[in-house]
Each structure stands twice: as structure tokens, then as C-alpha cells.
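The values are calculated or read from the model by the stated rules, or taken from the named source; none is laboratory data. What you see is a predicted model; the values in this text were computed from it and never measured. Neighbour counts are summed over all protein chains in view; Cβ atoms, including those assigned to glycine, are modelled from backbone coordinates with ideal geometry.
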């Protein structure tokens, strides 16, 4: 994450910090603490601490990813040159506010889903802000969710545009099943129960029921059960999953419910940074 932190720093400070320079604080030794101001779930603290150490700062992360935090808790303690701490202040806070928000929202949705289906997995989509994929997926996992694919190189997922370009649903699936490595799982997107049945018969590992209603999801699962295929395939529901309807989807009997909601609408979390001057670093 160190490269990303440097990129974000350059975005915020393309040349130098005019205020710090004018005050002569560049080389002053200082300590900064990041304090939580609302209840949340910690995320990306360990990853950010490692990145900041690479940049030459002395960092401690008292709260591990996934730990609940309360107002007043310190989640990072950083020592180093005041110039670098002041330059990184907003970048650090922005990243942690997003990460804690994703983890907190994910935890809420996971808890809601598992109240009705204890074994269901809540998985993340790839709808992450540019440049924040690693942090977003880590935060989702810290909240108790499943990362799903981190990117296009992790697994094969045949979607509607692939089928549109190939020209036939079954042919698209046959091609990827023939070409895949034994290490790569194959998932097929299905928009109807019939497509899901076709995918299962062809031997895919998982089927993603895209934008189906809960009733359509149940119908699909019953169809797979009647054909003796349900136990051989992972069934995932996706599309429009929110905190309000996740329990209804989880109760259908799917193995996975995937959602972008925590990534796009993270919980509101407030953090602040406080600094003090030190005699020596």
C-alpha cells in the first residue's frame, strides 16, 4: 500500500506544503494519534501501518482489523518529522474513514443475513473506487464479509457482455470450461432459472443469479434440486442487495449473497488526528 499512499500524497501535495513550510515545522519531531469519534469496526490499520513504516515513520496500530472500536479509542500512533505527518494527515484520515465505514456497514449486513441463514456468505463485488481495491476488499473482509474476486485474474466469471460477444450462452461456457486451468473456478452469470440450469448441467462451479427477485431465486434453487444438481454447485444471488433486503435473499437458500452496498455506501464514521511536539524522535 506504500505506493498508493505516495500517489495519494502527491495528489494532495504536488509540490510542497505551503503552510508547514511557512511555519518552519518541516523537521520538527512530532507524534500523531488517530482517534475514533464514533462506534465502528477497525479496518486497514495494519496495512496502513506497514505502508507508513516503509515511508520511514514509527507506527503502532493498537487496534487490529475487525476489532470493534469505541469513541476515544486510538487506532494509530505515529512518530516522525512533523512535515511528513502534516502532509499525510488528510490522506490517512480519508483512507481510514472509508475503510472503517466499509467494515462497519459490512458487519451490519453480515449480522442481518446470518440471523436468518447462519451459514450464508456475504461477498463483495468489484465496484470499488479507483485506487482503493486493496483497501476496500480488506475492509470488507474485516467486517466479516468474503472478498469474492479481487480482480479479473482470480477466477473465471462469464457475464452478459461475454455472452453477447460470443453469441451463445452455452457456447461461451463450453469455451471457458475447455480452456481453464485446473486451479481456476468457473462461475456463470444467469438471468433466468433456465440459464442457471444450463450452466449447472455444463459443469460450472458456481452460478450467479443476477438481479433476480427472492421468489425467482427460490424457483431456481428448486429447479436445480429437482434436477439433482443443487449439491454440486455454489449458488450466488447478486444485484440490488441492500441492508433492507439482504435477509430476504439470505433466506432463499443461496450459498452466497454478493453486494456492493458497503463499498458504495459505507457507514458514517468519524476519526480525527491530534499531534504534539516531541523533544526527539
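Looking only at the stretch 223-281, which residues are in a helix (DSSP H, G or I) and either at pLDDT below 95 or out of contact with any strand residue (DSSP E or B) (no Cβ under 9 Å at 6 or more places or on another chain) (or both)?
Residues of the stretch 223-281 that are in a helix (DSSP H, G or I), as a first pass: 223-226, 230-232, 246-250, 261-264.
Scanning the stretch 223-281 gives 223, 225, 226, 230, 231, 232, 247, 248, 261, 264.
How many residues does the stretch 23-53 hold that are part of a helix (DSSP H, G or I), surrounded by fewer than 16 Cβ atoms within 10 Å (Cβ to Cβ) and touching a residue at least 40 places away in the same chain (Cβ under 8 Å)?
Adding up the residues that qualify gives 1.
Before we move on, is residue 69 closer than 16 Å to residue 92 by Cα, surrounded by 17 or more Cβ atoms within 10 Å (Cβ to Cβ) and either in contact (Cβ under 8 Å) with a residue 60 or more places away in the chain or under 27 Å from the mean Cα position of the chain (by Cα) (or both)? I'd like the intermediate steps shown before the answer.
Working: closer than 16 Å to residue 92 by Cα: no; surrounded by 17 or more Cβ atoms within 10 Å (Cβ to Cβ): yes; either in contact (Cβ under 8 Å) with a residue 60 or more places away in the chain or under 27 Å from the mean Cα position of the chain (by Cα) (or both): yes.
Spelling it out, it is not the case that residue 69 is closer than 16 Å to residue 92 by Cα, surrounded by 17 or more Cβ atoms within 10 Å (Cβ to Cβ) and either in contact (Cβ under 8 Å) with a residue 60 or more places away in the chain or under 27 Å from the mean Cα position of the chain (by Cα) (or both).
Return yes when residue 56 is assigned by TED's automatic domain parsing to the domain that holds residue 15, more than 14 Å from residue 34 (Cβ to Cβ) and free of Cβ contacts under 8 Å to residues at least 60 places away in the same chain and no when it is not.
Working: assigned by TED's automatic domain parsing to the domain that holds residue 15: yes; more than 14 Å from residue 34 (Cβ to Cβ): yes; free of Cβ contacts under 8 Å to residues at least 60 places away in the same chain: yes.
Considered against the rule, which asks whether it is assigned by TED's automatic domain parsing to the domain that holds residue 15, more than 14 Å from residue 34 (Cβ to Cβ) and free of Cβ contacts under 8 Å to residues at least 60 places away in the same chain, residue 56 comes out as yes.
Please find, among 131, 143, the residue that is in contact with a helix residue (DSSP H, G or I) (Cβ under 7 Å, 6 or more places away or on another chain), at pLDDT below 95 and not assigned by TED's automatic domain parsing to the domain that holds residue 18. Steps first, answer last, please.
Details: 143 fails: at pLDDT below 95.
After applying the criteria, what remains is 131.
Which helices (runs of 4 or more DSSP H) does the stretch 109-213 wholly contain that include 3 or more residues that are surrounded by fewer than 15 Cβ atoms within 10 Å (Cβ to Cβ) and over 21 Å from the mean Cα position of the chain (by Cα)? Reasoning before the result, please.
Values: elements: 133-142, 160-166, 169-179, 193-202.
Those helices (runs of 4 or more DSSP H) span 160-166, 169-179.
Could you list, in sequence order, all residues of the stretch 9-18 that are in contact (Cβ under 8 Å) with a residue 24 or more places away in the chain and part of a helix (DSSP H, G or I)? If you could, list the steps in order and put the result at the bottom.
Let us first name the residues in the stretch 9-18 that are in contact (Cβ under 8 Å) with a residue 24 or more places away in the chain, namely 9, 12-13, 17.
Answer for the stretch 9-18, where residues must be in contact (Cβ under 8 Å) with a residue 24 or more places away in the chain and part of a helix (DSSP H, G or I): 9, 12.
Sort out which residues of the stretch 227-249 are farther than 26 Å from residue 202 by Cα and within 21 Å of the chain's Cα centre (by Cα), and write them in order of number.
Taking the stretch 227-249 first, the residues farther than 26 Å from residue 202 by Cα are 240-248.
240, 241, 242, 243, 244, 245, 246, 247 - these are the residues of the stretch 227-249 that are farther than 26 Å from residue 202 by Cα and within 21 Å of the chain's Cα centre (by Cα).
Restricting to the stretch 167-191, give me the number of residues that are free of Cβ contacts under 8 Å to residues at least 12 places away in the same chain and under 27 Å from residue 213 (Cα atoms).
We begin by selecting, within the stretch 167-191, every residue free of Cβ contacts under 8 Å to residues at least 12 places away in the same chain; these are 167-168, 171, 175, 178-179, 181-183.
Checking the rest, the ones that are also under 27 Å from residue 213 (Cα atoms) come to 167-168, 171.
The number of residues fulfilling the criteria is 3.
For residue 83, which of the numbered conditions (1) buried (at least 21 other Cβ atoms within 10 Å of the Cβ); (2) touching a helix residue (DSSP H, G or I) at 6+ places or on another chain (Cβ under 6 Å); (3) more than 28 Å from residue 248 (Cβ to Cβ) fails to hold?
In the conditions (1) buried (at least 21 other Cβ atoms within 10 Å of the Cβ); (2) touching a helix residue (DSSP H, G or I) at 6+ places or on another chain (Cβ under 6 Å); (3) more than 28 Å from residue 248 (Cβ to Cβ), residue 83 misses (1) alone.
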